[in-house]
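Visitor: Let me give you the structure first, and then I'll get to my questions.
Bear in mind these aren't lab numbers, they're just calculated from the coordinates by the rules spelled out. Bear in mind that the values here come from a model prediction, so they are computed numbers and not experimental data. Cβ sites come from the backbone with ideal geometry, for glycine too, and all protein chains shown count toward neighbours.
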Amino acid sequence: MSLHPLNNQHVVIVGGSSGIGLATGTLAKQLGADVTLISREATKLKQVATQLGGVRLAIADFADEAAIHAAFADLPTIHHVYVAAGGFVGGNVLEGSMADFRRAIDTRLWGSVHVVRAAVPKMNGTGSLTFTGGLSTDRPVAGAWATAVATAAAEQLARALALELAPLRVNAVSPGWTDTPMWDNILGAEKQTVFSGVATQVPVKRLSLATEVAQAVIFLMNSATVTGEVLHVDSGHRLV
Ligand SMILES: NC(=O)c1ccc[n+]([C@@H]2O[C@H](COP(=O)([O-])OP(=O)(O)OC[C@H]3O[C@@H](n4cnc5c(N)ncnc54)[C@H](OP(=O)(O)O)[C@@H]3O)[C@@H](O)[C@H]2O)c1
């Protein structure tokens, strides 16, 4: 895929120290953007900054409204924001922990709203916001209802805010199974076996790389007439 340069564009990635967010920050930097990465763990962020060189950092939990406003306060004019932060929250509705279920929504939905309220005043009415949904919106899994509801909320937020914040553009990316540190933490040594099994089930017979989801996010940033879109990068998984 050939992507337009992002010279003189300030791109902010919330959840930029790992996986899809890091891949997007890396690609944006390669395309000439001025990049700011925001996430919770300072050590991880600093390691990544050393690796990339010349990126701005801020520490914040995006579920914490005050912390997100503080992280955005000193940033210069923003052109594009990608909200990658989020994670998988499991738990059967009858037996799981209410605190975990609340966390799923507090992060992906309210976290995205906090980012919108902190970022948009710095965007001069143009540019783009991209949220992260996921395969679970179309293919919910028993025992992970809260994640499915949260990803659906992020995707619907993009459609609703595309009207409310226009002409600023608002989209979502919906990744399928993507090989990132999130799965190292959840599946550990089983990861490759599980991934190979899933790959045999999907139409294109392989799963996405984080860099491929990142390309889709950059496409959304660069596409001046695409708004209210949910771009699926899932090897066709939602269809089978
Ligand atoms: N990988 C997949 O298969 C897949 C599939 C569908 C959807 N997704 C979604 O895609 C997004 C990226 O996933 P990934 O696989 O790249 O995960 P990842 O490797 O675990 O990266 C998540 C990033 O978000 C940050 N983060 C997490 N919670 C945060 C919070 N409350 N506030 C601020 N930063 C936070 C993490 O850093 P800190 O922990 O230091 O804060 C990290 O930089 C997530 O929303 C995930 O749910 C992933």
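Visitor: Roughly how compact is the chain, stated as its Cα Rg over 2.2 N^0.38 Å to two decimals? Don't jump to the answer; show the numbers that get you there.
Guide: Numbers: Rg = 16.9 Å, N = 240, 2.2 N^0.38 = 17.7 Å.
This ratio for the chain stands at 0.96.
Visitor: Each residue of segment 95-109 in turn: what ³J(HN,Hα) in whole Hz from Karplus with 6.51, -1.76, 1.60 and θ = phi - 60°, glycine and Pro shown as x?
Guide: In residue order, the calculated couplings are 10, x, 8, 4, 4, 5, 4, 4, 4, 4, 7, 4, 7, 5, 7 Hz.
Visitor: Now for a separate question. Sticking to Cα atoms, compute the Rg of segment 5-51 to one decimal and its Dmax as the biggest Cα-Cα distance, whole number, in Å.
Guide: Cα-based Rg and Dmax for segment 5-51 come out at 10.0, 30 Å.
Visitor: Label points 7 Å out from Cα along the Cβ direction at Ala99 and Ala199: separation in nm?
Guide: It works out to 3.8 nm between the two label points.
Visitor: In addition: If each of Leu75 and Ala42 carries a label point 7 Å out from its Cα toward its Cβ, how far apart are those two points in nm?
Guide: 2.0 nm
Visitor: Order the peptides 128-134, 142-148, 71-77, 82-88 from the highest to the lowest mean number of other Cβ atoms within 10 Å of their residues. Write out the running numbers ahead of the final one.
Guide: On the way: 128-134: 26.7, 142-148: 18.3, 71-77: 14.7, 82-88: 24.6.
Result, highest mean first: 128-134, 82-88, 142-148, 71-77.
Visitor: Once R0 is set to 35 Å, what does the formula 1/(1 + (r/R0)^6) return for the Cβ-Cβ distance between Glu190 and Thr126, expressed as a FRET efficiency to the nearest 0.05?
Guide: 0.20
Visitor: Taking Cα pairs under 8 Å and at least six residues apart, what relative contact order does the chain come out at, in percent?
Guide: For the chain, the relative contact order is 20 percent.
Visitor: Please list, or write none, the lysines whose alpha carbon is within less than 24 Å of the alpha carbon of Lys205, excluding same-chain residues fewer than 8 places away.
Guide: Lys191
Visitor: What would the Debye equation give as log₁₀ I(q)/I(0) for segment 1-108 at q = 0.11, 0.15, 0.20, 0.24 Å⁻¹, counting only Cα atoms as equal point scatterers?
Guide: Log10 I(q)/I(0), no solvent term: -0.38, -0.65, -1.00, -1.30.
Visitor: Moving on. List the residues, sorted by chain then number, that are 5 or more residues from Tyr82 or on another chain and whose placed amide H is less than 5 Å from its amide H.
Guide: Residues meeting the amide H criterion: Val12, Ile13, Val14, Thr130.
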